[in-house]
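A short write-up of the structure that comes next.
Please treat every number below as a calculation from the coordinates, not as lab data. Note that the coordinates shown come from a computational prediction; the quantities given were computed from them, not determined experimentally. Methodologically, a virtual Cβ is constructed for each residue, glycine included, from the backbone with ideal geometry; neighbour enumeration extends over all protein chains shown.
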Amino acid sequence: MGVVIGKGSIKKLKSFVDELSPYKTAIITNTTLEKLWLGKILEQVSATPIVIPDGEEFKSLETARQIWKELLEIGFTRKSLIIGLGGGVVTDLAAFVASTFMRGTYLGLIPTTLLAQVDAAIGGKTGINFEGKNIIGTFYLPEFVITDPETLKTLPEVEILNGLGEVVKYGILDSGVYRKLKFFRGIDEGLIGECVNVKLRIVEKDMRERGRRRILNLGHTVGHAMEKVSGYRIKHGFAVSIGLMASALIAEKINGFDSGKVEELLDRFNLPKKHSFEPKELLKVMKMDKKAWYGRLVFVLPEDIGKVAVREVDEKTVSTVLEAMRD
Ligand code: NAD
Ligand code: MG
């Protein structure tokens, strides 16, 4: 999988497509990106745009079915190329469709949110929502990922913050990212590239998440519970931010980690650290989480910047911390 990250890299699409020389190309995108960035693609390659409505609710089986149908109608084959242009919703869906249509077509991704650039488009997980979030999906690697920080210029501020939640997570997992965040001067290709490398290094050894890849769930135990309890009204990156604070405080109690290091990063980006959920409700959801072990509470806990461990934590410690974090 080739990942190119750089200002203006979107202009390199033509050379990637030429190299694959696919039999037909389709671009899956949404109505928002259609107005902003689709033109940059169509001026380089001849392709059929497939435009879906904007929103997480369209990462669905119904949308996948409509796209499969359209691909059949335009005579798509396994040697054809699907390009996903958009945020994580579009890249997850496009990758899912590419991995399933005729057992797999070529796939290229052009992530256009910070979250998709550092996370969703990296690592080969595809998915659609079915009964619950990302219940149906595959592991499937793209031929290329083109990440152009210029595309973030049209992204609303709240979506930048949303992505920064995951960026701070990488800052705890990796001291290189941590240093970049301490001397933060803006989101650029260097910062995105370091985050991508952290994820690639971890995923490389455990693509199907049977072990080590779990450490990428730092901040997500509490984060997922908050998303669920809020009916997915809280943004993922914000839930992760609060979840990172929770992991840091739990770690402080268990192994003496200095939670101030996490707090300082969250403050720097004005990311949330407090919540107004009922700790009991969060605990209930955490025990049922698909990633939980038989109802036990398992956390990824920082031991130091750049070092984490997966540990079972007793309920009392978790509830004390969640209580202390209430707004
Ligand atoms: P999103 O795709 O909904 O994008 C957020 C909003 O920004 C949308 O309204 C979108 O149209 C808009 N947008 C995107 N790019 C833009 C641009 N350049 N300019 C202006 N507006 C733009 O949300 P997201 O946060 O990017 O992704 C969330 C999804 O990613 C979830 O479905 C989640 O499950 C998935 N995800 C997947 C993985 C994985 O490993 N596969 C990892 C993390 C998240
Ligand atoms: Mg996440």
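In plain terms, the chain is cut at each of the trypsin sites (Lys or Arg not before Pro) found in a DSSP loop with at most 13 other Cβ atoms within 10 Å, and the longest leftover piece is 80-184. By other beta-carbon atoms within 10 Å, ranking Asp18, Asp304 with the fewest at the front produces Asp18, Asp304.
Summing Cβ point charges (Lys, Arg +1; Asp, Glu -1) relative to the Cα centre of the chain gives a dipole of roughly 620 debye.
Using Cβ contacts closer than 10 Å as the measure, can you line up Glu312, Glu166 from fewest to most?
On the way: Glu312 10, Glu166 26.
Starting with the residue having the fewest Cβ neighbours, the order is Glu312, Glu166.
Measuring r between the beta carbons of Lys14 and Ser319 and using R0 = 56 Å, the FRET efficiency lands at 0.50. Our Cα-only numbers for the stretch 3-47 put the radius of gyration and Dmax at 11.0, 29 Å.
Across the chain, Cα-Cα pairs more than 37 Å apart make up 17 percent of the total. Taking the Cα atoms of the stretch 242-327, the ratio Rg/Rh between the radius of gyration and the Kirkwood radius comes to 0.95. Let me check I've understood the local charge: for Ile172, count other residues with C-beta under 10 angstrom from its C-beta, Lys and Arg +1, Asp and Glu -1. What total comes out? Once all neighbours under 10 Å are counted, the net charge is +1. Relative to the current alpha-carbon distance between Glu281 and Phe130, full extension at 0.36 nm per residue lengthens the span by 52.0 nm.
Under the rule that an exposed site lies in a DSSP loop and has at most 11 other Cβ atoms within 10 Å, name the longest stretch of the chain with no chymotrypsin sites (Phe, Trp or Tyr not before Pro) of that kind, not counting the sites themselves.
Values: sites that count: Phe183, Tyr294.
That gives 1-182 as the longest site-free run.
The spacing between the stretch 217-268 and the stretch 25-87, judged by their C-alpha centroids, is 34 Å. Summarising the label geometry, the points placed 7 Å from Cα in the beta-carbon direction at Asp258 and Tyr23 lie 6.1 nm from one another.
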